[in-house]
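Before any comments, here is the structure.
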Amino acid sequence: FNKLKEGLTKTRQGFVEKVSTVLTFNKTIDEDLFEELEETLIQADVGVNTSMKLVETMRRRVKERKLKDASQLREVMKEEIAHILVGDNDELGLNVDKDKKNVILVVGVNGAGKTTTIGKLAHRLKKENHRVLLAAGDTFRAAAIDQLLIWGQRVGVEVIHNQEGSDPGAVVFDACKSLASRRDNVLIIDTAGRLQNKTNLMEELRKVGKILARELPEANVEVLLVLDATTGQNAISQAQLFSEVVNVTGICLTKLDGTAKGGVIVGIRDELKIPVKLIGIGEGIDDLKDFQAEEFAEALFA
Ligand code: GDP
């Protein structure tokens, strides 16, 4: 918990402290206050729609509970943010089953933190006694392959790879064959994040999907979208674009430690209806956490 709280320091300073300044003791609750609050939320990257909705709910709570002092709204805000973060469906966590073959297809734009997240995730799953295999499906950049190899070595898992420029489908095919024939039970696949070229990306991911369905029809497949929290509202538009290309089943929000824009997680949760499953709070191998809504809200407002 303390590590999470520490990781969220910048967001706490940039978001919660601003909110707290608006909601000071002895300030009366009036229209000006609600407007100020809405503006603060928007500035904190919560997103326009979500900010408006949040403030609307707070107006309602003020009436229901007959609140008089602005400082009482801080607790209400925390509750409502936790409520949005929890969402409609129960958080299922990452879908990885020991008795099955599991595939985690990792998508996201370059620089979002895909490779790092794969390394951290492989490390964690290995610690949990899974047998992990990586596939260097981003064959577009030599650096991406090298970087994944370094992580593989560091974590002690094999990386199925080919040369730069080779067909990513072939790498995924080889990786599927390996997973099927060995005792390994988790295959994590890196992919190229060329959102600039949507047709190519779509084609590539469609092909990968077909190979997975054909080679590992019984496998659990999780499509994890990696988003960089420091990009704020851009993360939301990226998620919308990726959702048009592939059936995203979960989000990993990275670099929450390096940004005051952590409020974006509230907008992501509210506007996308895709569960946030993991969060990155640092560059280290252990800096990947399961996302737990209530704990997150507690840490944010602690
Ligand atoms: P990729 O292009 O999507 O594979 O992105 P990388 O995994 O190479 O990550 C890009 C940069 O972001 C690297 O310098 C990582 O160390 C850094 N990074 C990734 N995740 C986190 C995180 O949770 N926190 C911080 N501070 N940096 C991160």
(message) How much length would be gained if the chain were fully extended between E39 and T24, taking 0.36 nm per residue of separation minus their Cα-Cα distance, in nm to one decimal?
(response) 3.8 nm
(message) How are the alpha carbon pair distances in the range 89-138 distributed across 10 Å bins from zero to the largest one, expressed in percent?
(response) 20, 53, 26, 1
(request) May I have the convex hull volume per residue, in Å³, for the Cα set of the range 1-145? (result) 163
(request) Note down the Stokes-Einstein diffusion coefficient of the range 126-264 in µm²/s, whole number, using a Kirkwood radius over alpha carbon pairs, 25 °C, and 0.890 mPa s. (result) 153
(message) Between R214 and K126, what's the calculated FRET efficiency when r is the beta-carbon distance and R0 is 25 Å? Round to 0.05.
(response) 0.35
(request) Counting other Cβ atoms within 10 Å, keep those with at most 11, restrict to DSSP loop, and tell me which trypsin sites (Lys or Arg not before Pro) in the range 201-283 are left. (result) K273
(request) At 0.36 nm per residue, minus the direct Cα-Cα distance, what do K273 and A180 gain on full extension? Give it in nm, one decimal, please. (result) 30.2 nm
(request) Report the calculated FRET efficiency for D167 and K198 (r = Cβ-Cβ distance, R0 = 25 Å), to the nearest 0.05. (result) 0.80
(request) Just subtract the alpha-carbon distance of R65 and E6 from 0.36 nm times their residue separation and send over the number in nm, one decimal. (result) 17.9 nm
(message) Over the chain, with a Gaussian network built from C-alpha contacts below 10 Å, which listed residue (K63, K198, K126) shows the highest mean-square fluctuation?
(response) K63
(request) Please go through the residue pairs K18/K198; K198/K277; K98/K120; K207/K273; K3/K127 and name each one whose alpha carbons sit more than 30 Å apart in this structure. (result) K18/K198
(request) Send over a whole-number figure in Å² for the accessible area per residue of the chain, probe 1.4 Å. (result) 45
(request) Counting only C-alpha contacts under 8 Å and six or more residues apart, can you give the relative contact order of the chain as a whole percent? (result) 27
(request) About the Cα centre of the range 129-184, how large is the charge dipole given +1 on each Lys and Arg Cβ and -1 on each Asp and Glu Cβ? Please answer in debye to the nearest 20. (result) 280
(message) Given the DSSP H assignment, sum -39500 (n - 2.57) over each helix run of at least 4 residues in the chain and divide by its residue total; what's the result at 222 nm in deg cm²/dmol, nearest 500?
(response) -15500 deg cm²/dmol
(message) With just the Cα atoms defining each centre, how far is the range 1-67 from the range 266-280? Give it in Å.
(response) 19
(message) Over 16 Å apart: what share of the alpha carbon pairs of the range 234-302 falls there, rounded to a whole percent?
(response) 47
(request) Of the options V103, Q238, A260, report the single residue whose Cα projects farthest towards the positive end of the charge dipole of the chain (beta-carbon charges: Lys, Arg +1; Asp, Glu -1). (result) V103
(message) Among 105-114, 177-186, how do they line up by average Cβ neighbours within 10 Å per residue, starting with the highest?
(response) 105-114, 177-186
(request) With an 8 Å cut-off on Cα pairs and a minimum separation of 6 or more residues, tell me the relative contact order of the range 1-84 in percent. (result) 35
(message) Can you pull out the GluC sites (Glu not before Pro) in the range 199-248 whose DSSP state is coil and whose Cβ has at most 16 other Cβ atoms within 10 Å?
(response) E218
(request) Compute the FRET efficiency between V86 and R141 as 1/(1 + (r/R0)^6), taking r as their Cβ-Cβ distance and R0 = 25 Å, and round to the nearest 0.05. (result) 0.10
(request) Heavy atoms only, probe 1.4 Å: what % of the accessible area of the range 1-129 goes to carbon and sulfur, would you let me know? (result) 48
(message) Based on alpha-carbon atoms only, what is the radius of gyration of the chain relative to the globular estimate 2.2 N^0.38 Å?
(response) 1.08
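The values are calculated or read from the model by the stated rules, or taken from the named source; none is laboratory data. Predicted model only: the values in this text are computed from it and were never measured. Cβ atoms come from the backbone with ideal geometry, glycine included; neighbour counts cover every protein chain shown. Note: areas computed on protein heavy atoms with side chains; ligands, DNA, RNA excluded. Shrake-Rupley method; radii C 1.70, N 1.55, O 1.52, S 1.80 Å.
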